[in-house]
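The values are calculated or read from the model by the stated rules, or taken from the named source; none is laboratory data. Just so you know, these numbers come straight off a predicted model, no measurement behind them. Every residue, glycine among them, receives a Cβ derived from its backbone with ideal geometry; neighbour counts consider all protein chains shown.
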Amino acid sequence: MSTQSLYLNLPISDLARSTAFFTALGFGFNPKFSGEHATCLVINEHIQVMLLTHSFFAGFTPKPVTDAHASTPAFMSLSVANRAEVDELMQKALAAGGIEHSPAKDHGFMYQRGFFDLDGHAWEIFYLNEAEFPKP
C-alpha cells in the first residue's frame, strides 16, 4: 500500500466560526477544497482536516453525526518541534475560545497538553523527545 496523505473529516456547527478559530491558531486553508459547506484545514502537506457543516457531513455516513460536546468520538494529536510550541499553540487555542481538557503533563521524554475546539473535538499537542524515550 502507498498511502500519500490523510484527510480527517470533522463535523462542525459554524463554518465561519471554526475557520476563524483555526486561523487564530496559525493554520491555513486550501481554497481548492473549501466552499459553502466545508473548508480544508491544512496541518501540513500530507495531513488535512476537512471541516464539514453537520448537514454536509451527514451526507457521507448512514450513522448519526456524533455531538463531540457529549462524547469523544476521536482524539486528534499534533506533534510539534519543542515544549515551547506546545504551550504557544495551547495559549492560542484558549485565546480563540478553546477549552483546556488536559493540563500540562511532563513525562520527561514527552510533554503534552490538550484542548477542545469550538465544536467539542478533542485535540492534543505534544512534544516527544525520542532520545529520552525509556528503554524497555
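Just one of the listed residues (Thr3, Thr72, Thr61) is of a type outside the set (Gly, Ala, Ser), at pLDDT below 95, in a loop (DSSP other than H, G, I, E, B) and under 28 Å from Asp87 (Cβ atoms), and it is Thr72. Taking the conditions (1) at pLDDT 95 or above; (2) of a type in the set (S, T, N, Q); (3) surrounded by fewer than 17 Cβ atoms within 10 Å (Cβ to Cβ); (4) touching a strand residue (DSSP E or B) at 6+ places or on another chain (Cβ under 9 Å) in turn, Ser102 satisfies each one other than (1). Under the condition of being of a type in the set (Phe, Trp, Tyr) and loosely packed, with under 13 Cβ neighbours inside 10 Å, the residues counted in the stretch 39-62 number 1.
Candidates in the stretch 63-78 are the residues that are in contact (Cβ under 8 Å) with a residue 40 or more places away in the chain and farther than 26 Å from Ala131 by Cβ; of these, the one that is surrounded by the fewest Cβ atoms within 10 Å (Cβ to Cβ) is Ala70.
With respect to being out of contact with any Cys (no Cβ under 7 Å at 6 or more places or on another chain), surrounded by 11 or more Cβ atoms within 10 Å (Cβ to Cβ) and within 27 Å of Ser13 (Cα to Cα), Phe115 fits the description. In the stretch 26-37, the condition of being in contact (Cβ under 8 Å) with a residue 60 or more places away in the chain and either of a type in the set (Gly, Ala, Ser) or surrounded by fewer than 11 Cβ atoms within 10 Å (Cβ to Cβ) (or both) is met by at least one residue. The set of residues from the stretch 84-111 being free of Cβ contacts under 8 Å to residues at least 40 places away in the same chain, charged (D, E, K, R) and closer than 28 Å to Pro11 by Cα comprises Asp87, Glu88, Glu100. The residues of the stretch 77-104 include none that are over 19 Å from His121 (Cβ atoms), of a type outside the set (A, V, I, L, M, F, W, C) and in contact with a helix residue (DSSP H, G or I) (Cβ under 8 Å, 6 or more places away or on another chain). Residues in the stretch 93-135 that are in contact with a Phe, Trp or Tyr (Cβ under 9 Å, 6 or more places away or on another chain), among the small types (Gly, Ala, Ser) and under 16 Å from Ala20 (Cα atoms): Ala93, Ala96, Gly97, Gly98.
Taking the conditions (1) hydrophobic (A, V, I, L, M, F, W, C); (2) over 15 Å from Pro11 (Cβ atoms); (3) touching a residue at least 60 places away in the same chain (Cβ under 8 Å); (4) part of a loop (DSSP other than H, G, I, E, B) in turn, Ala81 satisfies each one other than (3).
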